[in-house]
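Here, each number is a calculation from the coordinates, and none is a lab measurement. All figures in this text were calculated on a predicted structure; none of them were measured in a lab. No Cβ is skipped: glycine too gets one built from the backbone with ideal geometry, and neighbour counts run over all protein chains shown.
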Amino acid sequence: MEERLTKKEAQNWLKCMFATYTTRDAIAQLADIGFKAFYTHIRSVMHAKYGILETTTCSSCSTPSKQCRLCSEIGNQIWDNHRFKKAKLKGPSWNNTDTTQWCTESWELAKCYMPSTGYRDKPNANSTDFNGIIGAIYNCIWMQCYFTDDLSKDSNICTKVFENFFSIYISVIDV
Ligand SMILES: [Zn+2]
């Protein structure tokens, strides 16, 4: 059988794949940290606005129409931070999320900002694909602010993503 890929070409493809995975891993890490901070943020907003203490949690509301005040306010905050909340048939992907875990797993908040199918069974950033993670970061308005704040620093997780990606990319085209 004809060998279509030379050893060198095959090595370059492997490096490209590695670069993509490295980028996904870095973005997954960023999203993980970001949505933990997002949860802390919405809880502090709820405390300031409605006096709901950050220590108050709930794990029993599973029906969106029958939620306690805490859970329904978390839902409002999720909706309020969605980039396309006003667009018809868009807004948060409620069917992705397990509302009983909103107070314990910040990734359940992230899932509301991902495409509406294929993410319900992804419990954390590591098990989520590139599209889901990018969607969550892009659709959550608050995450954009977080990005901008961080980008003002000389070294942040975002610059590290790009440094990593480009150094590997350059080593691929350099061969
Ligand atoms: Zn509740």
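Listed here are the pairs 66/111; 49/86; 36/66; 15/85; 15/90; 8/122; which of them are more than 28 Å apart at the Cα? Those over the limit are 15/85; 15/90; 8/122. The string of couplings for the stretch 54-67 from the Karplus curve (6.51, -1.76, 1.60, θ = phi - 60°) is 5, 7, 6, 10, 9, 9, 10, 8, 10, 9, x, 7, 10, 9 Hz, one whole number per residue in order, with x for Gly and Pro.
In terms of surrounding Cβ atoms within a 10 Å radius of their Cβ, 65, 72 rank from fewest to most as 65, 72.
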